[in-house]
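Colleague: I'd like to ask some things about the structure below.
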Amino acid sequence: MSIRVTVWGENVHEQKSAAVRAIYPDGMHTTIAAALNAAGGIHATTVTLQDPDHGLSDATLAATDVLIWWGHAAHGQVEDRIVDRVIDAVWSGMGAIFLHSAHFSKPFKRLMGSPCNLTWREAGERERLWLTSRNHPIAAGLPDHFELENEEMYGEPFGVPEPQDTVFVSWFQGGEVFRSGLTWKRGAGNVFYFRPGHETYPTYHDTNVQRVIANAVRWAHNPAARLANPSAAPNVPVETALEPITQRGAKLHAPGEEGMR
Ligand code: ZN
């Protein structure tokens, strides 16, 4: 059975900028999904910010193995109730991949719990990505380094928690470096951030970039059943302790009482 991917596209600059539309006439999300559908073993569909519930109903998220997020101009328009839904799905086991300017998206910032800031420059400079984790599944089939002739620069320090794995670092023509492929585990969900993808350059048409994203989908996919309630914090009664114990000392909570939140 194919891995079910939902590509979430903000779909704002494609409407407003002729330069972006020239590169992505059907939207960046459509280009990303088409590459995934050609990769084998992946069934990708698209939703956008403008859809009802931003395209992310409970049913859609329940049927999504891996969510891909690209946003830039309208992070603030994403409703918090939808963000809550996405976070809950990740904690329950859904994979999530955040691309480029999604470093400032609401769900990524919530998952990281940190500023997620960086330095940047829009000068069409060359980016060279170096593989930093040989044999990592996200780097499968990729050379030790590859280049994107025109990209926006993102520079360190990148305000994210120390990752589980750093799969790529980028060098930019102007001299900066950046950790450009990072993994985390959040709840039961696998999370990957991949840096390239400024909307005025043809980055998502690049075969190496497409391969990274397809590899990341396979890595992020968790075939286990989704957790029913990832935030559950049950009170375990004395009588059900695995080894016999007796109640000692003062007691604040009534037996079986819900915990405080
Ligand atoms: Zn950008």
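The values are calculated or read from the model by the stated rules, or taken from the named source; none is laboratory data. Computed from a predicted model, the values in this text were never measured in an experiment. All Cβ positions, even for glycine, are placed from backbone atoms using ideal geometry, and neighbour counts span all protein chains on display.
Colleague: Output the number of the condition that Thr45 fails; it satisfies all remaining conditions of (1) assigned to a loop (DSSP other than H, G, I, E, B); (2) in contact (Cβ under 8 Å) with a residue 24 or more places away in the chain.
Modeller: With (1) assigned to a loop (DSSP other than H, G, I, E, B); (2) in contact (Cβ under 8 Å) with a residue 24 or more places away in the chain applied to Thr45, the lone miss is (1).
So that you can scan it fast, the table gives a plain yes or no per residue for (1) closer than 17 Å to Glu147 by Cα; (2) within 16 Å of the ligand (Cβ to nearest atom):
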{"residue": "Gly187", "(1), (2)": "no, no"}
{"residue": "Val191", "(1), (2)": "no, no"}
{"residue": "Tyr201", "(1), (2)": "yes, yes"}
{"residue": "Arg211", "(1), (2)": "yes, no"}
{"residue": "Ser231", "(1), (2)": "no, no"}
{"residue": "Gln247", "(1), (2)": "no, no"}
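Colleague: Of these, Ala34, Ala63, which one is out of contact with any helix residue (DSSP H, G or I) (no Cβ under 7 Å at 6 or more places or on another chain), over 20 Å from Phe194 (Cβ atoms) and of a type outside the set (S, T, N, Q)?
Modeller: So the residue among Ala34, Ala63 that is out of contact with any helix residue (DSSP H, G or I) (no Cβ under 7 Å at 6 or more places or on another chain), over 20 Å from Phe194 (Cβ atoms) and of a type outside the set (S, T, N, Q) is Ala63.
Colleague: Answer yes or no as to whether Glu162 is more than 14 Å from Tyr193 (Cα to Cα) and at pLDDT 95 or above.
Modeller: no
Colleague: Return the total of residues in the stretch 77-102 being within 14 Å of the ligand (Cβ to nearest atom) and under 9 Å from the mean Cα position of the chain (by Cα).
Modeller: Total satisfying the criteria: 3.
Colleague: Still on this structure, please answer the following. Any residue that is more than 16 Å from Glu149 (Cβ to Cβ), more than 16 Å from the ligand (Cβ to nearest atom) and free of Cβ contacts under 8 Å to residues at least 24 places away in the same chain - is there at least one of those in the stretch 110-128?
Modeller: no
Colleague: For the stretch 119-136, state whether one or more residues are among the hydroxyl-bearing types (Ser, Thr, Tyr), assigned to a helix (DSSP H, G or I) and out of contact with any Pro (no Cβ under 8 Å at 6 or more places or on another chain).
Modeller: No: the stretch 119-136 contains no residue that is among the hydroxyl-bearing types (Ser, Thr, Tyr), assigned to a helix (DSSP H, G or I) and out of contact with any Pro (no Cβ under 8 Å at 6 or more places or on another chain).
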